[in-house]
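Accompanying notes for the structure given below.
Please treat every number below as a calculation from the coordinates, not as lab data. Remember, it's a predicted structure, so these values are computed and weren't measured experimentally. Positions of Cβ are generated from backbone atoms using ideal geometry, with glycine treated the same way; all protein chains shown enter the neighbour counts.
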């Protein structure tokens, strides 16, 4: 390790000596403003921020360098360069001098520091001539550059210098996520969303350091993932959606592309096949699966709880084995979500029998089972995960079994709930959830021991939405608050402070063409949005 540290130190020293040598004449032409790093509207709020009241002069004489032979670090540097090009139209070379003399450096460094005690931890040091991002992993470096992106102003300081300069506030940021799991769920079964729509949602989530996207791929109204050994699932089950629209599905190549795109942003995709309830689309495709005693027909409504698999047929479990096997093979993440909620016409004993068998199938294919909180009534083991959405009793049962829990209380975290009585989209069976209600709660104090909380997830069910604009209306700005609830420690979360920082997100959301709900609770920052093209974030 000592040798590694010495090599990295020598490399870094050579970078600083070789490239941070501003001439005195050029320094005279750069007048940097006073700054306060602690007052910048960062979301989620970092663990610790120390301002030094100067600024890094980001300009055409800046270059990005990354640790050599460090897996993923150069790709993180290129990602940062691409996003800065999109934001401020500044081309910054990565690990090369480019066409201009290099006078200032952004250095993305693989560190051996023991202070970086989680894979996503990072340190950000901003001086007048250098920005250093320290991280033990490329994942941590990626989280660090999201913070840096938020620190770069949209407008240059060209009135105070002979060339355009974007002053980045100086200081030190030490950051580390509160929870390892920070997610959102997107229901593509009730209404289908294209690969491009999902990619845009991934981009927006990654900007706010969310690291999990849970895809609800099947329900009564539609089956959305190609299973090669059971082709009728998409031919028949994928043909409808709520309200009678045309449906759709992802080929396995489409799904692989979503997984690849998410992985580039250090985001895990979790596939969900909901069962034994919410299974009408599967049973229409293959009627032998059906267990409710009725002839299954294509369904385009919104009621739940009427469908179930036949839990006593070996052929049903052979079918499930094939589905889990094919999806697991193209899902590099560690999880497989089996649903398990609202199976009202399945007898309790049959439900328990079913979940017990399906857990073993999931484990057979190398995945860790997740299920909605109802699965805790079965004889599942401590390696499986309960997603608490409704029943505190089920959450307690999961704790008693030693299970980890994803915190998703419907009354606080469901993105498909209406903001208020005037909301254009959404439902309100759980609650109205305005922007302040979405933020003012504490996952750590919901009666679940901290050691059992894996993280926080905000589900977005799609019964009332059918396109990306409507999705964004329900998700934003609430998902931004959930990112902070899952990343920032409780002591750093305060509504009065947060609502000011949220207001300052408007220019970014406008650049990304996000049709967010302009909550009257927020004094939104005015945005002179005149771009002809949307930032590809």
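The long axis of helix 138-151 is offset from the longest Cα principal axis of the chain by roughly 60 degrees.
Figure the gain on full extension for residue 180 and residue 129 (residue separation times 0.36 nm, minus the Cα-Cα span) and round it to one decimal in nm.
Details: separation 51, 0.36 × 51 = 18.36 nm, distance 3.32 nm.
Computed gain between residue 180 and residue 129 is 15.0 nm.
From its DSSP helices (H runs of at least four residues, each -39,500 (n - 2.57)), the chain gives a residue-normalised ellipticity at 222 nm of -9500 deg cm²/dmol. List the residues of region 318-356 whose backbone N lies under 15 Å from a point placed 7 Å from the Cα of residue 363 along the Cα-to-Cβ direction. What the label zone holds, given the 15 Å backbone N cut-off, is 336, 353-356.
Here residue 82 and residue 444 are evaluated by their C-beta separation; at R0 = 35 Å the FRET efficiency comes out at 0.45. In this label model, residue 513 and residue 421 are separated by 3.6 nm, measuring between points 7 Å along each Cα→Cβ vector. Residue exposure proxy: 491, 392, 463, ordered by other Cβ atoms within 10 angstrom of their Cβ from fewest to most, comes out as 491, 392, 463.
Angle check, please: helix 195-207 long axis (alpha carbons) against the longest principal axis of the chain (alpha carbons), in degrees 0 to 90, nearest 10. Helix 195-207 and the main axis of the chain meet at about 50 degrees.
Given a Förster distance of 45 Å, report the FRET efficiency between residue 525 and residue 294 from their Cβ-Cβ distance, rounded to the nearest 0.05. Once rounded, the FRET efficiency stands at 0.25. In this simple spin-label model, placing a label point 7 Å from the Cα along the Cα-to-Cβ direction at both residue 329 and residue 392 gives a separation of 4.6 nm.
Apply 1/(1 + (r/R0)^6) to the Cβ-Cβ distance of residue 195 and residue 163, taking R0 = 41 Å, and write down the FRET efficiency to the nearest 0.05. Working shown, then result.
Details: r = 41 Å, r/R0 = 0.99.
About 0.50, to the nearest 0.05.
Enter the angle in degrees (range 0 to 90, nearest 10) between the Cα long axis of helix 314-329 and the first principal axis of the Cα atoms of the chain, meaning the one along which they spread out most. Long axis of 314-329 versus the principal axis of the chain: about 10 degrees.
Take the Cα of residue 235, go 7 Å toward its beta carbon, and the backbone nitrogen atoms of region 301-345 under 18 Å from that spot belong to 319, 323. With a ≥ b ≥ c taken as the square roots of the eigenvalues of the C-alpha gyration tensor of region 163-205, please select rounded if a/c is under 1.5 and otherwise prolate if a/b is larger than b/c or oblate if it is not? Note, shape of region 163-205 comes out oblate. Working from label points 7 Å from Cα in the Cα-to-Cβ sense, the residue 432 to residue 39 distance is 3.6 nm.
For region 77-202, the pair-distance distribution built from all alpha carbon pairs, in bins 5 Å wide starting at 0, is 2, 9, 16, 19, 17, 13, 11, 7, 4, 2, 1, 0 percent.
Over the chain, what is the relative contact order in percent, taking alpha-carbon pairs closer than 8 angstrom and at least six residues apart? Don't jump to the answer; show the numbers that get you there.
Working: 1163 pairs, mean separation 68.3, N = 537.
Once divided by the residue count of the chain, the mean separation gives 13 percent.
Reported to the nearest whole Å, the Cα centre-to-centre distance from region 240-300 to region 387-413 is 24.
For region 113-155, dividing the convex hull volume of the Cα atoms by the residue count gives 66 Å³ per residue. Taken over the chain, the convex hull of the Cα atoms encloses 152 Å³ per residue.
Could you give log10 I(q)/I(0) at q = 0.14, 0.17, 0.22 Å⁻¹ for region 256-360, computed by the Debye formula over C-alpha point scatterers of equal weight, without solvent? Here log10 of I(q) over I(0) equals -0.59, -0.81, -1.15. Look at the alpha carbon pairs under 8 Å that are at least 6 residues apart: their mean separation over the length of region 135-268 gives a relative contact order of 22 percent.
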